[in-house]
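The values are calculated or read from the model by the stated rules, or taken from the named source; none is laboratory data. Keep in mind that what you see is a predicted model, and the values were worked out from it rather than measured. Cβ coordinates were reconstructed from backbone atoms using ideal geometry, including for glycine residues, and neighbour counts include every protein chain displayed. Each accessible area value is taken on the protein alone, full model and side chains, heavy atoms only, with ligands, DNA and RNA left out. Shrake-Rupley method; radii C 1.70, N 1.55, O 1.52, S 1.80 Å.
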Amino acid sequence: MSVVPAIEPRARPSDRSGVVFDLQRAALRDGPGIRTTVFLKGCPLRCRWCHNPESQRFEPQTGKAGKHYGRTMRVGEIMDVVLRDRAYYESSGGGLTISGGEPTAQYEFCRALLQAARTNGIHTCLDTSGHLEPERFRALAPWVDCFLFDFKAADDAAHRALTGVSNKWILENLAWLGETGAALRLRCPVVPGVNADDAYFAALKAWVPRLKGLQAVDLLPYHAIGNAKYADVGMPLPELCTHVPDDVEKQRWKDALADLPVEVTVG
Ligand code: SF4
């Protein structure tokens, strides 16, 4: 008698799992309205100012002080939490934001989450560095209502020095989003002595006319709040000759962008 090999049942989208390092309900700064933000663990970049070093490795880890960073969760499990706040999303124009780490680095999990949200009528934001092969990036886009897209450095050599990766894919993806008119906010980490200079703001301004769906520019001033976490996860603190900017410096950055046709915020 011949033996018929068993067919592996294909995992249902809600059973797909990935590693999450944080999940925040009632988030107010990760896109429009009241949102739930899911932070996926793992990032191919190494930004010298990163204040979430515990998000960089892909696997769950335990810090020296015993704190756990990251756990495996299923899409269905996350959606159970996300859907609890549907009434808040509907009254505020909010929804689900997927952040990281770099969320697209867990590509299938990220896509499954976006699809699950949209299938349930939930607005989606993707908070991304944009560092993903353009073909794959474009395949994700139909599931995203609004992109929160980083702009760290326009010059490729500078981008490599500051983040460890080229910005070739990033700028290609940004240009494509701009042409399609996709809704996006530019998220701009501004680090004194590193990228907070005339060349950076000039490059930023030069990109704005190319981004048809641009809604706002969010300046994210450098802060040192995450520095203690480096020691906890056994990583050396990157050398960075900078300082935490004061209100005067932040206002100067905002003034440099005063003639943009979109809202400029300083976080
Ligand atoms: S992209 Fe974000 S998570 Fe990744 S290293 Fe840079 S700041 Fe950290």
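When the stretch 75-116 is examined, which residues are found to be surrounded by fewer than 18 Cβ atoms within 10 Å (Cβ to Cβ) and not in a helix (DSSP H, G or I)?
Gly93
Just need a number here: residues in the stretch 40-72 that are among the aromatic types (Phe, Trp, Tyr) and more than 9 Å from the ligand (Cβ to nearest atom).
Quick first cut of the stretch 40-72, residues among the aromatic types (Phe, Trp, Tyr) only: 49, 58, 69.
Pick out the ones that are also more than 9 Å from the ligand (Cβ to nearest atom) and you get 58, 69.
The total comes to 2.
Can you work out which of the residues in the stretch 117-135 that are in contact (Cβ under 8 Å) with a residue 60 or more places away in the chain and either hydroxyl-bearing (Ser, Thr, Tyr) or in a loop (DSSP other than H, G, I, E, B) (or both) is surrounded by the most Cβ atoms within 10 Å (Cβ to Cβ)?
Narrowing the stretch 117-135 to residues in contact (Cβ under 8 Å) with a residue 60 or more places away in the chain: 123, 125, 127, 129, 131.
Filter again for either hydroxyl-bearing (Ser, Thr, Tyr) or in a loop (DSSP other than H, G, I, E, B) (or both), leaving 129, 131.
Details: Ser129: 26, His131: 23.
For the stretch 117-135, the residue satisfying everything is Ser129.
Can you list residue pairs whose Cβ atoms sit under 9 Å apart, with the first residue in the stretch 150-179 being closer than 14 Å to Cys50 by Cα and free of Cβ contacts under 8 Å to residues at least 24 places away in the same chain and the second being within 13 Å of the ligand (Cβ to nearest atom) and open to solvent by 40 Å² or more (accessible area, probe 1.4 Å)? Count only pairs 6 or more apart in sequence or on different chains.
Ala161/Arg48
Among the candidates Leu204, Leu214, Leu220, single out the residue that is open to solvent by 30 Å² or more (accessible area, probe 1.4 Å) and either in contact with a helix residue (DSSP H, G or I) (Cβ under 9 Å, 6 or more places away or on another chain) or touching a residue at least 40 places away in the same chain (Cβ under 8 Å) (or both). Before you say what the answer is, go through the steps one by one.
Numbers: Leu204 fails: open to solvent by 30 Å² or more (accessible area, probe 1.4 Å); Leu214 fails: open to solvent by 30 Å² or more (accessible area, probe 1.4 Å).
Only one candidate qualifies: Leu220.
Consider Leu171 carefully, then state whether it is buried (at least 22 other Cβ atoms within 10 Å of the Cβ) and in a helix (DSSP H, G or I).
On the way: buried (at least 22 other Cβ atoms within 10 Å of the Cβ): no; in a helix (DSSP H, G or I): yes.
In short, no.
Tell me yes or no: at least one residue of the stretch 189-210 is within 14 Å of the ligand (Cβ to nearest atom), outside any loop (DSSP other than H, G, I, E, B) and under 25 Å from Arg29 (Cα atoms). If you could, list the steps in order and put the result at the bottom.
Going residue by residue through the stretch 189-210, those that are within 14 Å of the ligand (Cβ to nearest atom) are 189-191, 194-195.
Add one more test, that the residue is outside any loop (DSSP other than H, G, I, E, B), and what stays is 189-190.
The next check asks that each one be under 25 Å from Arg29 (Cα atoms); those that pass are 189-190.
Looking through the stretch 189-210, at least one residue is within 14 Å of the ligand (Cβ to nearest atom), outside any loop (DSSP other than H, G, I, E, B) and under 25 Å from Arg29 (Cα atoms).
Quick one: in the stretch 223-258, which of the residues that are assigned to a loop (DSSP other than H, G, I, E, B) and without any contact (Cβ under 8 Å) to a residue 12 or more places away in the chain is most open to solvent (accessible area, probe 1.4 Å)?
Initial filter on the stretch 223-258 (assigned to a loop (DSSP other than H, G, I, E, B)): 223-226, 233-246, 257-258.
Among the residues that remain, those that are also without any contact (Cβ under 8 Å) to a residue 12 or more places away in the chain are: 236-237, 246, 258.
Values: Pro236: 111, Leu237: 91, Asp246: 86, Ala258: 79 Å².
Residue satisfying both the conditions and the ranking: Pro236.
Please count how many residues of the stretch 107-127 are in contact with a Lys or Arg (Cβ under 9 Å, 6 or more places away or on another chain) and among the hydroxyl-bearing types (Ser, Thr, Tyr).
The number of residues fulfilling the criteria is 2.
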